[in-house]
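K.L.:
Here you go, one structure.
Rule-based calculations on the coordinates, nothing more; no lab input. For clarity, every value in this text was computed on a predicted model and none was experimentally measured. Methodologically, a virtual Cβ is constructed for each residue, glycine included, from the backbone with ideal geometry; neighbour enumeration extends over all protein chains shown.
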Amino acid sequence: MRLAHTLPASAVLLALVAPGRNEELSFHPAQGSELERRFHWKASGAVDDLEVTANEQTVDPALLQLPPDLEFDFEASYGVHDEFEKMDGERPLVLLRHFLEASMHGSGPEGETSEDGTLNGKSVRFSWNEESDEYERSWVGEEGKDEELERLTEDLDLRALLPGKEVGAGDEWQVEGFPLWSAVVPGLDLELAFELKLEPDEEVPEAVKEEIRRFFKESGATCGLVGVQAGDSGSTAEVAFSSKIEHRVTLDPSVFGENMPEEVEFQDIELRLELSIQGTLLWDLDGGHFTSFTYELEAELEGEITGRVPSADLTLEMSAKCSAEVSFEGTAGAP
């Protein structure tokens, strides 16, 4: 995997011409305070450049029941109202979370689908257990399913993006591995997800899951303090967020087992993923929480596979490219 993190030129220029004192970006909402957070994703993508050849002759993908191109759109949002019942300076010791409305809408080759969140209107209390070094979760009021409860993560604060030390304008720090994705997708705890085996084991071969784990583990991003702006309601730090990741993998088709056609002898599957993210985090230095986090994500996945059909004396080659764009906005403030 190759990583390249480059902050916007404007961020570097501002840091050079407007140096200032060091600041501590820390998470410290006051005990008894409340925050409302809103998160919204909008994505679109397509599978295009689909090419199929048989003995070096171009084949219409429709003859193999493959559509010439696939397009999809996706939009999702959710909100929570948090009450910080007890704090210790680093994390909530007791947090009461009320789940507001959540919804998802998508469209693709198979039509449109819409869904409301199963936690809408429910409340959960997170209580820190010092001995187990993890949160205990319990329903407050109306109860939901146990499997929903165990998948919930307390951190919607983007704490993974904080430097962990005082920084000045122009200073940079790295965010790597699973914690990075807890910020890109607030509410997603990948370590917990893999531990609970939330992915469909019967459909995803172990070799593929290992490559997915490796991708997330080896991912990284650069954060940099652009500067601090003082206002009537306090001081806000602006942090630039940037990541560029390239990941290549070769898979043995045999890992897919019975999911591959028996009449075709497939060779290696080559995959290449390029992903870039550019974003901005605004952090309330006095309130000790983020107020805004936005980013634009672009991804491109290319795949190639070659196989032979001995019974027909055919050599098949197939290649495709999938591209996607994602926009995200997260906000936090007083209810």
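K.L.:
How long is the gain from Arg21 to Asp49 if the chain were fully straight, where each residue apart is worth 0.36 nm and the alpha carbon distance is subtracted?
P.N.:
Gain on extension, Arg21 to Asp49, equals 5.0 nm.
K.L.:
If you don't mind, another one. Can you tell me how much longer the chain between Arg125 and Glu34 gets when fully stretched, taken as 0.36 nm per residue apart minus their C-alpha distance, in nm with one decimal?
P.N.:
31.4 nm
K.L.:
May I pose another question? How far apart, in nanometres, would the label points at Lys209 and Asp252 be if each is projected 7 angstrom from Cα along the Cα-to-Cβ direction?
P.N.:
Taking the two extended label points, one gets 1.8 nm.
K.L.:
Starting from the amide H of Thr291, placed 1.01 Å from N in the peptide plane, find each other amide H under 5 Å away whose residue is 5 or more places distant or on another chain.
P.N.:
Correct list: Leu282, Trp283, Asp284.
K.L.:
Here's something else I'd like to know. What FRET efficiency do you get for Ser292 and Leu149 if R0 is 25 Å and r is their Cβ-Cβ distance, rounded to the nearest 0.05?
P.N.:
For R0 = 25 Å, the calculated efficiency reads 0.25.
K.L.:
Show the residues, 5+ positions off or on another chain, whose built amide H is closer than 5 Å to the amide H of Leu50.
P.N.:
Sorted by chain and number, the residues that satisfy this are Lys321.
K.L.:
Determine one quarter of the surface area of the Cα convex hull of the stretch 267-316, which equals its mean projected area, and express it in nm² to one decimal.
P.N.:
Hull-based average projected area comes out at 5.4 nm².
K.L.:
Could you tally the net charge around Leu93, taking each other residue with its Cβ under 10 Å from the Cβ of Leu93, Lys/Arg +1 and Asp/Glu -1?
P.N.:
My count for the surroundings of Leu93 gives -2.
K.L.:
Tell me, in nm to one decimal, what length is gained between Glu329 and Glu115 on full extension, where the rule is 0.36 nm per residue of separation less the Cα-Cα distance?
P.N.:
Contour length minus Cα-Cα distance gives 75.0 nm.
K.L.:
Taking 1 over the mean of 1/r across every pair of different Cα atoms in the stretch 92-251, what Kirkwood radius in Å do you get?
P.N.:
Averaging 1/r across every pair of different Cα atoms and inverting gives 18.9 Å.
K.L.:
I would also like to ask the following. Suppose R0 equals 41 Å. What FRET efficiency, 1/(1 + (r/R0)^6) with r the Cβ-Cβ distance, do Val185 and Asp313 give to the nearest 0.05?
P.N.:
0.30
K.L.:
Would you mind counting up the charge near Ala299? Only other residues with Cβ under 10 Å from its Cβ, with Lys and Arg at +1 and Asp and Glu at -1.
P.N.:
Overall, the nearby charge balance is -4.
K.L.:
How charged is the neighbourhood of Thr331? Take every other residue with its Cβ under 14 Å from the Cβ of Thr331, and add Lys/Arg as +1 and Asp/Glu as -1.
P.N.:
That sum, taken over residues with Cβ under 14 Å, equals -3.
K.L.:
If the convex hull of the alpha-carbon atoms of the stretch 48-181 is projected onto planes in all directions, what is the mean projected area in square nanometres?
P.N.:
Over all viewing directions, the stretch 48-181 projects a mean Cα-hull area of 14.9 nm².
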